[in-house]
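**Student:** Before anything else, here's the structure in question.
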Amino acid sequence: MKNSEAIEKRRTFGIIAHPDAGKTTLTEKLLLFGGAIQTAGAVKNNKIKKSATSDFMEIEKQRGISVATSVMAFEYGGKQVNILDTPGHKDFAEDTYRTLTAVDSVILVIDCANGVESQTEKLMEVCRMRKTPVIIFVNKMDREGKDAFTLLDELEEKLDIKVCPLTWPIGMGDRFKGVYNIYEKQLNLFQANKTKISKDIVSISDLKDSQLDEIVGEAPANELREEVEMISGVYDPFNREHYLDAIVAPVFFGSAVNNFGIQELLDTFIEISPSPQGRESDLRMVEPSENKFSGFVFKIHANLDPKHRDRIAFLRIVSGKFERNTFYEHVRLGKKFKFANPTSFMAQDKTVIDDAFPGDVIGLYDTGNFKIGDTLTEGEKLMFKGIPSFSPEIFMELENLDPMKSKQLEKGISQLTDEGVAQLFIQQPGNRKIVGTVGQLQFEVIQYRLHNEYGAQCRFSPKNYHLATWITTADEAQLQKFIATKTGNIAKDKDGNWVFLAETPFLLQMAEQDYPGITFHRTSEFKLD
Ligand code: G4P
């Protein structure tokens, strides 16, 4: 296959949601519609159940299982759809942020009763930052929820994006009759059915048609007429360019568990979503159509079996064609590597592949050479940008409980943080290790894995930091003064960048005021500038 054909064929995206909004269900239904799986229930393993929060090994096991479903590819409407899975559990939010660097668009799932929830806002922030095109799916319309107009207002306000409804619900909960496809001018009638795909679609070219009253009843028909008229007054017609520029998010309504509204979503997705996009590197913009291969690692998954410490590095292909058993430049290490068993992930199957194209995600077996953000090329010394670390939310000091095993501890924490399990900051001056995560769970995971895989014993003691900011300045004297004044709050990250650890947002604000010559970055991205 020619590169250009392969690129045009691919659609790589992620599904994001606040836990319980229906991400797993929607993923599964898309696979079902795409013919990648035959029965419902196949993706359920993927989900980290809330009840399992206290049992992190269970969670790790489930994460292990989820490797197989980390990327789910299927063919639909002449396209190869690659869905990149994002962990639902909030403690793994950083995994999700990083996965978002490897997608070209996202589908955001909202629960119609809960509207925009905390995790939804955070995830959207990352999408906005990266200008990722978003389609919104308002789920659970078979339940009572917020009124559709209220929801759209809430989406615009809280997510800071314009919305454009492409379907419109007729009623909701027990009164839910279906959705009207505004652009196709078709009515899709709802039948609660968890196993069968509803195909009850009626074309209504004119909403004034009395057929509508006969089908959904007079009152709901009138309501729909009024609402559709209002929509055309309030929202601009759909503009694909605006969607691709992440200015507007098209909105669909449906019920994932009932297979309802998925077809419209998938058909529109295939039509409007972007093909694989280029990525910015420290040297230049890299376009997918370039002949030479390049790609970056956005996720590393450890093997849970302590006897096999190999890991799988997930590589997103940016340009050219990746080929098995070919030497590629590992830019950070300045060394060449070839891969005998690169794998692709087709729904639940993992298969060794010979080649892969832009937009594809492949798994590379790794014995510790990769860390997140690493770039592979055909020789050019460029590094991809856009795989930043965000500030952790919980900070703990790592204490060694077995002085005889300090080497193992050092190695273990270094490798685990390469995998992105947590971030490591070394307090300055000195060598105190501050570990930062977005969830409590990671500390248990680290403690367990350090012991199990590296034979090291550790303890964590809480630190009262609130936020990590990366600091840079052109004024070396001011930096030195700042460092000398803020002892206890100064650290270096793993790459040797200066970091300020603030106890409160107020203290950070004060520091920003007092030291105008220093820039406080909210993500580590700056270092790639
Ligand atoms: P998540 O991955 O975003 O965390 O959510 P998930 O798909 O697991 O869905 C969360 C719950 O919401 C599940 O119920 C699921 O069945 C339900 N759900 C998903 N879509 C719909 C929908 O359209 N309508 C209704 N009414 N419910 C929906 P659960 O009880 O947690 O799990 P299960 O036992 O049903 O699997």
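The values are calculated or read from the model by the stated rules, or taken from the named source; none is laboratory data. If you're wondering where the values come from, they're calculated on a predicted model, not measured in any experiment. Don't worry about glycine lacking a Cβ; one is built from the backbone with ideal geometry, like all the others, and counts go over all protein chains shown. These accessible areas exclude ligands, DNA and RNA; they are computed on the full protein's heavy atoms, side chains included. Shrake-Rupley method; radii C 1.70, N 1.55, O 1.52, S 1.80 Å.
**Student:** Show me 173-185, 310-322 ranked by packing, highest mean number of other Cβ atoms within 10 Å first.
**Tutor:** Working: 173-185: 18.7, 310-322: 22.6.
Taking the mean over residues of other Cβ atoms within 10 Å, the ranking is 310-322, 173-185.
**Student:** Tally up the carbon and sulfur contribution to the accessible surface of the range 394-521 as a whole percent, 1.4 Å probe, everything protein left in place.
**Tutor:** Working: 3000 of 5820 Å².
About 51 percent, which is the carbon plus sulfur part of the accessible surface.
**Student:** Return the sequence-ordered ³J(HN,Hα) values of the range 132-146 in whole Hz as given by the Karplus equation 6.51 cos²θ - 1.76 cosθ + 1.60 applied to θ = phi - 60°, using x for Gly and Pro.
**Tutor:** Coupling constants for the range 132-146: 7, x, 10, 10, 9, 10, 8, 9, 6, 5, 6, 10, 5, x, 6 Hz.
**Student:** Continuing with this model, one more query. First select every other residue whose beta carbon is under 10 angstrom from the beta carbon of G254; then total the charges, Lys and Arg +1, Asp and Glu -1.
**Tutor:** On the way: positive: K29, K140; negative: D142, E264.
Result for the neighbourhood of G254: 0.
**Student:** From largest to smallest, what semi-axes in whole angstrom does the chain give when each is the square root of 5 times an eigenvalue of its alpha carbon gyration tensor?
**Tutor:** On the way: eigenvalues 359, 141, 103 Å².
The three semi-axes for the chain are 42, 27, 23 Å.
**Student:** With a probe of 1.4 Å, find how much accessible area the range 394-521 has per residue, and write the answer as a whole number in Å². Can you show the working numbers first?
**Tutor:** Numbers: 5820 Å² over 128 residues.
Normalised by residue count, the accessible surface of the range 394-521 is 45 Å².
**Student:** The range 385-443: which trypsin sites (Lys or Arg not before Pro) are DSSP loop and have at most 15 other beta-carbon atoms within 10 angstrom? Present the calculation step by step, with values, prior to reporting the outcome.
**Tutor:** Working: sites: K385, K405, K407, K411, R432, K433; in loops: K385, R432.
Taking the range 385-443 and a limit of 15 other Cβ atoms within 10 Å, the loop trypsin sites (Lys or Arg not before Pro) found are R432.
**Student:** Next question, about the same structure. Assign unit charges at the C-beta atoms only (+1 for Lys and Arg, -1 for Asp and Glu), then state the dipole size of the chain relative to its Cα centre in Debye, rounded to the nearest 20.
**Tutor:** Numbers: 65 positive and 77 negative charges, 440 e Å.
Roughly 2120 debye, rounded to the nearest 20.
**Student:** Hey, another quick one. Considering only V138, P288, I16, whose Cα is most displaced toward the positive end of the charge dipole of the chain, charges sitting on Cβ of Lys, Arg (+1) and Asp, Glu (-1)?
**Tutor:** The listed residue farthest towards the positive side: P288.
**Student:** Please compute the contact order of the range 479-521 in relative form: average sequence separation of alpha-carbon pairs under 8 Å and at least six residues apart, divided by the residue count, as a percent. Write out the running numbers ahead of the final one.
**Tutor:** Details: 22 pairs, mean separation 11.5, N = 43.
Taking the mean separation of contacting Cα pairs over the length of the range 479-521, I get 27 percent.
**Student:** Something else now. Hey, can you rank 512-519, 393-400, 253-260 by average C-beta count inside 10 Å, highest first? Intermediate results must be reported in sequence, preceding the final value.
**Tutor:** Working: 512-519: 14.0, 393-400: 18.9, 253-260: 25.6.
Averaged packing, sorted descending, gives the order 253-260, 393-400, 512-519.
**Student:** Let me ask something additional. Around R284, with a cut-off of 13 angstrom between Cβ atoms, what is the net charge of the other residues, counting Lys and Arg +1 and Asp and Glu -1?
**Tutor:** Numbers: positive: R279, K292, K381, K385; negative: E280, D282, E287, E290, E380.
That works out to -1.
**Student:** Taking the 0 to 90 degree range and rounding to the nearest ten, how far is the long axis of helix 406-418 tilted relative to the main principal axis of the chain, both from C-alpha atoms?
**Tutor:** Helix 406-418 sits at roughly 30 degrees to that axis.
**Student:** Is the range 402-518 rounded, prolate or oblate when judged by the Cα gyration tensor, a ≥ b ≥ c being the square roots of its eigenvalues, rounded requiring a/c under 1.5 and prolate requiring a/b larger than b/c? Intermediate results must be reported in sequence, preceding the final value.
**Tutor:** Details: a/c = 2.58, a/b = 2.03, b/c = 1.27.
Taking the square roots of the gyration eigenvalues as a ≥ b ≥ c, the range 402-518 is prolate.
**Student:** Still on this model: Over the range 279-377, give the accessible area per residue in Å² for a 1.4 Å probe, as an integer.
**Tutor:** On the way: 4100 Å² over 99 residues.
Here the residues of the range 279-377 average 41 Å² of exposed surface.
**Student:** State the answer as a single residue: which of M230, S275, I300 lies farthest towards the positive end of the charge dipole of the chain, with beta carbon charges of +1 for Lys and Arg and -1 for Asp and Glu, about the Cα centre.
**Tutor:** Going by the Cα projections, it comes out as I300.
**Student:** Something else about it: Treating the angle as unsigned and between 0 and 90°, give the value, to the nearest 10°, between the Cα long axis of helix 441-454 and the longest Cα principal axis of the chain.
**Tutor:** Once rounded, one gets 50 degrees.
**Student:** Taking the Cα centre of the range 394-521 as origin and charging only Cβ (+1 Lys, Arg; -1 Asp, Glu), how large is the dipole, in debye to the nearest 20? Let's see the in-between values first.
**Tutor:** Details: 12 positive and 15 negative charges, 68 e Å.
Dipole magnitude for the range 394-521 comes out near 320 debye.
**Student:** Counting only other residues whose beta carbon sits under 13 Å from that of A340, what net charge do I get with K and R as +1, D and E as -1?
**Tutor:** Details: positive: R324, K338; negative: D310, E323, D354, D366.
In short, -2.
**Student:** Quick one: what Rg and Dmax do you get for the range 345-482 from the alpha carbons, in Å?
**Tutor:** Cα only, the range 345-482: 18.5, 57 Å (Rg, Dmax).
**Student:** What is the magnitude of the charge dipole of the range 279-377 about its Cα centre, with +1 placed on the Cβ of each Lys and Arg, -1 on the Cβ of each Asp and Glu, and no other charges, expressed in debye to the nearest 20?
**Tutor:** Dipole size: approximately 340 debye.
**Student:** Mind checking the angle between helix 56-68 and the chain's longest principal axis? C-alpha axes, 0 to 90 degrees, to the nearest 10.
**Tutor:** The angle comes out near 70 degrees.
**Student:** Given a cut-off of 21 Å, name the pairs among K336/K381; K9/K385; K371/K492 whose C-alpha atoms lie farther apart than that in the structure shown.
**Tutor:** Working: K336/K381 12 Å; K9/K385 25 Å; K371/K492 18 Å.
As for pairs spanning more than 21 Å Cα to Cα, those are K9/K385.
**Student:** Let me ask something else. Among D85, D20, D160, what's the order by accessible area (1.4 angstrom probe), most exposed first? Each step should come with its number before you reach the end.
**Tutor:** On the way: D85 20, D20 75, D160 105 Å².
Ranked from most to least accessible, the order is D160, D20, D85.
**Student:** Based on alpha-carbon atoms only, what is the radius of gyration of the range 279-377 relative to the globular estimate 2.2 N^0.38 Å? Mind showing how you got there, number by number?
**Tutor:** Details: Rg = 13.2 Å, N = 99, 2.2 N^0.38 = 12.6 Å.
Here the answer is 1.04, to two decimals.
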